[in-house]
Amino acid sequence: MNELALLALLVLNFGISCWNAYAAGSYFTESKIIGGMTRFMVWCGLTMAACGFTWVYVTLLAMIAVAGQWLTPEWAEVMFKLGYLIIILPVLGSGLGIWVNSLVAAYRQRTLGNIGIAAWNTYAQAHNTWEAARHAPNFLKDVLDAFSSKNRSSNGKDSAAGILVILLVILAVAGGAITTGLIARWADRRVALEVSPA
């Protein structure tokens, strides 16, 4: 993939994650009061946002680490695979909740918008599930092989690279959660200010 296409995908993923965090955050206080499915859907949206931000940060940190020659391209690939394995279950779980909710909404109110959203969510959930089934077992094997002691070089460079990969992935996950929390809190406050009496 060329650099321009990768940049466009990262910007798109970041934008979608911003929207998910903002939309879910807009209903955060209200969902506490209502509870039930509304609260569940807000958490699904926040989870999707955090996973999206995490993937962007994993990509950027891996690129920076390779450019700075702190990681080899092979270890960057391990980093991508580890990042994928960490976010795929939350993506599939929250995606399942969002997909079911969109089907229910399309059934109850058969508008073009609801049907379009349900169709997109059906495609996205099927695609993500298929890709996870295809790639996750091999990714897990590759990550375990990379971190196994028998595959490390005796000079300690691979040990240091492995530790750096783990630290960078932890940093990406933390960054994804923090970014989501900040945007959601901002959206929650903004909505609260709009509805509060003057």
query: Mean separation of Cα pairs under 8 Å and 6+ residues apart, divided by the residue count of the range 1-107: what relative contact order is that in percent?
result: 27 percent
- request: Per DSSP H run of at least 4 residues, take -39500 (n - 2.57); add these up for the chain, divide by its residues and hand me the 222 nm value, nearest 500 deg cm²/dmol.
  value: -31500 deg cm²/dmol
query: To the nearest 0.05, how large is the calculated FRET efficiency for Leu171 and Leu89 if R₀ is 22 Å and r is the Cβ-Cβ distance?
result: 0.65
message: If I fit a long axis through the Cα atoms of helix 3-26 and take the longest principal axis of the Cα atoms of the chain, what angle between them do I get, 0 to 90°, rounded to 10?
response: 40 degrees
query: Hey, with R₀ at 41 Å, roughly what FRET efficiency would Glu3 and Phe40 work out to, going by the Cβ-Cβ distance, to 0.05?
result: 0.55
task: Please give the FRET efficiency for Lys141 paired with Trp186, using the beta carbon to beta carbon distance and R0 = 41 Å, rounded to the nearest 0.05.
output: 0.50
query: By how many degrees, between 0 and 90 and to the nearest 10, does the Cα long axis of helix 36-67 differ from the longest principal axis of the chain?
result: 30 degrees
message: If I build a Gaussian network model for the chain, linking alpha-carbon pairs within less than 10 angstrom, which residue out of Val78, Val104, Val58 has the largest mean-square fluctuation?
response: Val104
- request: Calculate how steeply helix 157-195 sits against the longest principal axis of the alpha-carbon atoms of the chain, using the helix alpha-carbon long axis, and give the answer as 0 to 90 degrees to the nearest 10.
  value: 10 degrees
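Only the coordinates and a few stated rules stand behind these numbers; no lab work does. For clarity, every value in this text was computed on a predicted model and none was experimentally measured. Counting neighbours? That spans all protein chains shown, and the Cβs are built from the backbone with ideal geometry, glycine included.
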